[in-house]
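Undergrad: I'd like to ask you about the structure that follows.
The values are calculated or read from the model by the stated rules, or taken from the named source; none is laboratory data. All figures in this text were calculated on a predicted structure; none of them were measured in a lab. No Cβ is skipped: glycine too gets one built from the backbone with ideal geometry, and neighbour counts run over all protein chains shown. Areas reflect the complete protein model, heavy atoms only, side chains present, ligands, DNA and RNA absent. Shrake-Rupley method; radii C 1.70, N 1.55, O 1.52, S 1.80 Å.
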Protein chains: 2
Amino acid sequence: MANLLTRKLEAFGPLPDADRLLLDDVIRSARAVGPRTDLIREGDTPSDVNLILEGFACRYKVLPTGRRQIMAYLVPGDFCDLHVFILKTMDHTIATLSACTVVKIPRARILELMERPALARAFWWAALVDEATLREWLVNIGARRSEQRVGHLLCELLLRLQTVGLTNGNQYELPITQGELADTVSLTGVHVNRILQRLRASGLITLKGKNLVILDVERLMALSGFNSNYLHLAEQDGFREQSL
Amino acid sequence: MANLLTRKLEAFGPLPDADRLLLDDVIRSARAVGPRTDLIREGDTPSDVNLILEGFACRYKVLPTGRRQIMAYLVPGDFCDLHVFILKTMDHTIATLSACTVVKIPRARILELMERPALARAFWWAALVDEATLREWLVNIGARRSEQRVGHLLCELLLRLQTVGLTNGNQYELPITQGELADTVSLTGVHVNRILQRLRASGLITLKGKNLVILDVERLMALSGFNSNYLHLAEQDGFREQSL
DNA sequence: CGGCAACTTGACAATGCTCAACGCGGGTGG
DNA sequence: CCACCCGCGTTGAGCATTGTCAAGTTGCCG
């Protein structure tokens, strides 16, 4: 259970041993990237796919006003841009938030992996879950009040980090500033701060430095209107055995 | 230039004549669906792919509070759910807004079409553009002020409807109530109404009944911070000739 | 130990929401 | 064919959530 990528992809379904070995090989050549560093910029035409192995990265756009909107968090095991194969230019920027370990996978390598049916399905699944997550974020920002917004985000991260083994009970590392959180949930830094105070005062969370503890997961999920169905984890069915 | 689906997919790149004929065949068996009718519900496990031929449909979720968030508009030429092949259960609902003409395409039929390289690429492109649009909506709702939000939406629809030939100059049919618009841009119906007044008063649009005219496209785009790059139309490049 | 970034807190402003009432228009049933 | 009715659009008044500005504190890194 060493390989993070394998672990993530197997959240969808088990992989043949041969495929696992391929994945082990893919993540050999990792490189370190500092915090707050753009990996791919809007307008670029990248030729490789980036995979996050350690740390938090994000997708974002900046408006003429200077307002930045973060559209996705990329956590260990997440691909940055499988789009590369079809769309020519990036319509948004991808950057690290914390210090990260990143692997650059060449197009050709991805195409090789895609020839393996189980891997191809798993990649599809990952891409579709990313899209479902994006939809949920739209709902989060569009329809929930501020306290629910940040609560919902914290719940989502708990589950996502759990599947790659980066939680310790209901506790995980959140290497992100309140300002970045604000750009994510579409509030101001000041207001995010006040909301975190409230969540602390309600006995729902503890957040000291980068260390987050969710004290009462059930209550936080209820408060936030969190329903994990959009992550499509552990769907008990025979469907995925069917052909692509 | 009769087939709407062909027209939409060729916004990405030209298709072989043989593929066009296949597409002509696909859209033969259309059916009419009334307005405000669910096509697929959250929790369903659909086995077909729906394609919109006429009218407006949408993706949405409803929260416990009763608040509805619309996450996407589906206009003629749009597929509802290519996800079907990987994810078991729907995590959101798809419904018509206006009266629609819809085609149900069986899984097997889609798989057939996907064997044609040019069509497979075009389907991928359509899916990726849908995702890019979703990201732009997140930015729209998260980072733009109310007047820009509705302006941006109107600009997007102009371009999308243009590619399927459903505009008449800078004029098109918007078969949607102000309440539905509100659920889309995450405002209240009352406030959307006031914004439309302002846009009218500024000489930017005309909206009588379902008939929208954008009087000054450039100014509306500038006001809304609209940049069409995320629609990935007409990318002049040799990239798409490359292999998938 | 100094400095800078992140966090915290307070006072005030404004954008957008709620509630409420009314007009208009198209569809339906008598 | 007319009348009614309901949904949609419109407008007003007051309110609440969240943003802005500003100043002070904490804590980490060099």
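Undergrad: Report, in deg cm²/dmol and to the nearest 500, the calculated mean residue ellipticity at 222 nm for chain B, where each DSSP H run with n ≥ 4 adds -39500 (n - 2.57) and the sum is divided by the residue count.
TA: Value at 222 nm, helices only: -12500 deg cm²/dmol.
Undergrad: What's the local net charge at A:E112, with K and R +1, D and E -1, over the other residues with C-beta under 13 Å away?
TA: Neighbourhood net charge equals 0.
Undergrad: Starting at the first residue of region B:70-85, write each ³J(HN,Hα) from the Karplus equation 6.51 cos²θ - 1.76 cosθ + 1.60 with θ = phi - 60°, in whole Hz, x for Gly and Pro.
TA: Running phi through 6.51 cos²θ - 1.76 cosθ + 1.60 with θ = phi - 60° gives 8, 10, 6, 9, 10, 10, x, x, 8, 7, 7, 6, 6, 4, 2, 6 Hz.
Undergrad: Please report, for A:A120, the nm distances (one decimal) from its label point, 7 Å out from Cα along the beta-carbon direction, to the equivalent points in the remaining copies, shortest first.
TA: Nearest to farthest, the other copies are at 0.6 nm.
Undergrad: While we're on this one: What whole-number value in Å² describes the accessible area per residue of the protein assembly as shown for a 1.4 Å probe?
TA: 40 Å²
Undergrad: Quick one, what does Rg over Rh come out to for region B:144-231 if you take C-alpha atoms and the Kirkwood Rh?
TA: Using Cα coordinates only, the ratio equals 0.92.
Undergrad: What is region A:4-137's relative contact order, in percent, from Cα pairs under 8 angstrom and six or more apart in sequence?
TA: With pairs under 8 Å counted, the relative contact order is 34 percent.
Undergrad: Shielding of A:79-89 by partners, i.e. mean partner chain Cβ atoms within 10 Å per residue? Mind dumping the intermediate values first?
TA: Working: counts 0, 0, 0, 2, 8, 1, 8, 16, 12, 7, 5.
The mean count of partner-chain Cβ atoms within 10 Å per residue comes to 5.
Undergrad: In peptide A:124-135, how many Cβ atoms from other protein chains are near each Cβ within 10 Å, on average? All intermediate terms of the calculation are to be shown ahead of the outcome.
TA: Details: counts 4, 3, 1, 5, 8, 4, 1, 8, 5, 1, 6, 12.
Taking the mean over all residues of the peptide, I get 5.
Undergrad: OK, next. Distance from a point 7 Å along Cα→Cβ of A:E54 to each backbone N in region A:31-47: keep the residues under 11 Å and list them by number.
TA: Residues passing the 11 Å test: A:31-33.
Undergrad: A further question follows. What are the membrane-span-like helices in chain A by this rule: whole DSSP H runs, Cα extent along the axis at least 30 Å, mean Kyte-Doolittle hydropathy at least 0.0? Please list the in-between numbers first.
TA: On the way: long enough: A:117-143 (38 Å, 0.56).
Result, helices passing both filters: A:117-143.
Undergrad: With solvent modelled as a 1.4 Å probe, how much accessible area in total do chains A and B shield from it at their shared surface, in Å² to the nearest 100?
TA: Result for this pair: about 4800 Å² buried.
Undergrad: Once Rh is set to the Kirkwood radius over Cα pairs, what Stokes-Einstein translational diffusion coefficient, in µm²/s, holds for the protein assembly as shown at a temperature of 37 °C and a viscosity of 0.692 mPa s? Could the numbers behind the result be given before it?
TA: Working: Rh = 23.5 Å.
Taking Rh from Cα pairs, D becomes 140 µm²/s.
Undergrad: Do you know the relative contact order of chain A, to the nearest whole percent, from alpha carbon pairs under 8 angstrom that are 6+ apart?
TA: Worked out over chain A, it gives 21 percent.
Undergrad: Okay, moving on. What is the packing order of peptides A:210-217, B:48-55, taking the mean over residues of other C-beta atoms within 10 Å and listing the highest first?
TA: Going from most to least packed, we get B:48-55, A:210-217.
Undergrad: Just list whichever of A:K210/B:K88; B:K61/B:K88; A:K61/A:K104 have alpha carbons separated by over 28 Å in the model shown.
TA: Pairs exceeding the cut-off: A:K210/B:K88.
Undergrad: Placing a label point 7 Å from Cα toward Cβ, how far apart in nm is B:G13 from its equivalents in the other copies, listed shortest first to one decimal?
TA: 3.0
Undergrad: For q = 0.15, 0.20 Å⁻¹, what log10 I(q)/I(0) does region B:95-244 give under the Debye formula with an equal point scatterer on each alpha carbon and no solvent?
TA: Once normalised to I(0) and log-transformed, intensities are -0.89, -1.34.
Undergrad: log₁₀ I(q)/I(0) of region B:37-116 at q = 0.11, 0.13, 0.23, 0.24 Å⁻¹, via Debye over equal Cα point scatterers, no solvent, to two decimals?
TA: Calculated log10 I(q)/I(0) at the listed q: -0.29, -0.40, -1.11, -1.18.
Undergrad: Classify region A:4-137 as rounded, prolate or oblate, taking a ≥ b ≥ c as the square roots of the eigenvalues of its Cα gyration tensor: rounded when a/c is under 1.5, otherwise prolate if a/b is larger than b/c and oblate if not.
TA: Numbers: a/c = 1.74, a/b = 1.62, b/c = 1.07.
Taking the square roots of the gyration eigenvalues as a ≥ b ≥ c, region A:4-137 is prolate.
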